[in-house]
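Novice: Pasting in a structure now, in structure tokens, and then I'll have a few things to ask.
The values are calculated or read from the model by the stated rules, or taken from the named source; none is laboratory data. None of these values were measured; they are calculated from a predicted model. Virtual Cβ from ideal backbone geometry, glycine too; neighbours counted across all protein chains shown.
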Amino acid sequence: MSDRIATLIQGRRERMSRLLGRPLPQPEADDSPLSPEGMAHLLEDGRDLYWNELEWEHITDEEAVDAGEPLIELMFPGLLAYVRGLLLTEVNPDSLAPAEPRPQVVDALLEFLAGRVLELEEAMASGPAGERNRSRGELRATDRLIGLILYLYHGLTPEDIHLLETAGTG
């Protein structure tokens, strides 16, 4: 992970912690090892969801509201559900499989998204004028998506999220 990516994610976490006035809760992790192949597969699934849902929004523009800004929660429903599944710590008693939280996959997905934010910032600074609007929209969406994933990762309550949203960290 590059220093810029780590700084972006860590800076978001530090700001959230400072605004909440306490350390962020850390997710549970399953003790069973995750093979490099398993990790790569789960991360690739998350990346695919990101790209597919982003492209679907470009095609349909269906989540745009009056101000033209999309509702990110509705723009990336599959990816956010996937993250919830990776962080799942309890299953129904009749479930055929136990919960196997994999926060390390979510960490890797956050690194991918932070890297994407940096790519989009560079594209806006040096790309052709016609692509800047698209890059700007993708940047806002991806940056907001990082915030939503951090809320899930750290198990923040609706009250915590409201405090952070009103302070402008989302």
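Novice: Out of the residues in segment 150-170 meeting the condition of being hydroxyl-bearing (S, T, Y) and assigned to a loop (DSSP other than H, G, I, E, B), tell me which one is modelled with the lowest pLDDT.
Specialist: First, pick out the residues of segment 150-170 that are hydroxyl-bearing (S, T, Y): 151, 153, 157, 166, 169.
Among the residues that remain, those that are also assigned to a loop (DSSP other than H, G, I, E, B) are: 157, 169.
On the way: T157: 95, T169: 55.
Per the criteria, the residue is T169.
Novice: Residues that are within 15 Å of L139 (Cα to Cα): which helices (runs of 4 or more DSSP H) entirely in segment 11-123 hold 2 or more of them? Spell out the reasoning first.
Specialist: Numbers: elements: 36-60, 72-75, 77-86.
Ranges flagged: 36-60, 72-75.
Novice: Also, I was wondering about something else. So which residues in segment 133-166 are touching a Gly at 6+ places or on another chain (Cβ under 8 Å) and among the aliphatic types (A, V, I, L, M), if there are any at all?
Specialist: Answer for segment 133-166, where residues must be touching a Gly at 6+ places or on another chain (Cβ under 8 Å) and among the aliphatic types (A, V, I, L, M): L148, I161, L164.
Novice: Which pairs do you get when a residue that is farther than 27 Å from E90 by Cβ, found in segment 30-58, comes within reach of a residue that is surrounded by 15 or more Cβ atoms within 10 Å (Cβ to Cβ) and not hydrophobic (A, V, I, L, M, F, W, C), reach meaning Cβ atoms under 7 angstrom, with the pair 6+ apart or on two chains?
Specialist: Qualifying pairs under 7 Å: L54/E138; E57/E63; E57/P70.
Novice: Still on this structure, I have one more. Which condition number in (1) over 20 Å from L43 (Cα atoms); (2) in contact (Cβ under 8 Å) with a residue 60 or more places away in the chain; (3) buried (at least 17 other Cβ atoms within 10 Å of the Cβ) is the one that G155 fails?
Specialist: For G155, the failing item is (3).
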